[in-house]
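Visitor: One structure, as structure tokens, below. Some questions next.
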Amino acid sequence: PVAHRPPPQHAQYGPCALRRMSVMEALELLDGLVDESDPDVDFPNSYHAYQTAEGIRRAHPDKDWFQLAGLLHDLGKVLALFGEPQ
């Protein structure tokens, strides 16, 4: 069997030593990112996160974990602000 090797980014970002921030700070940082998958969008990236979470809340009011996942689903894009490709 082949041994599992984590990607190189795991060693770099896994310890969370680059920068510590709250979820709200990360959402605010995303507002400074032009998302390559949606470059023509005129509203901040955090708005998309809230919009997604709210849509899930309306459709699934009993699934708070799903609402949270909707809010957090794009947070990994913050790595683009630290030199990672989108």
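Visitor: For segment 38-59, give me each residue that is at pLDDT below 80 and not hydrophobic (A, V, I, L, M, F, W, C).
Guide: Of everything in segment 38-59, those that are at pLDDT below 80 and not hydrophobic (A, V, I, L, M, F, W, C) turn out to be D38, P39, D40.
Visitor: Out of all the residues in segment 26-42, which are more than 13 Å from K77 (Cα to Cα) and surrounded by 12 or more Cβ atoms within 10 Å (Cβ to Cβ)?
Guide: Of the residues in segment 26-42, the ones more than 13 Å from K77 (Cα to Cα) are 39-42.
Listed by number, the list holds a single entry, V41.
Visitor: Scan segment 48-77 residue by residue and report those that are open to solvent by 40 Å² or more (accessible area, probe 1.4 Å), touching a residue at least 24 places away in the same chain (Cβ under 8 Å) and assigned to a helix (DSSP H, G or I).
Guide: The answer is H48, L72, K77.
The values are calculated or read from the model by the stated rules, or taken from the named source; none is laboratory data. For clarity, every value in this text was computed on a predicted model and none was experimentally measured. With ideal geometry, Cβ positions are generated from the backbone for all residues, glycine too; neighbour counts draw on all protein chains shown. All accessible areas refer to the heavy atoms of the entire protein, side chains included, with ligands and DNA or RNA removed. Shrake-Rupley method; radii C 1.70, N 1.55, O 1.52, S 1.80 Å.
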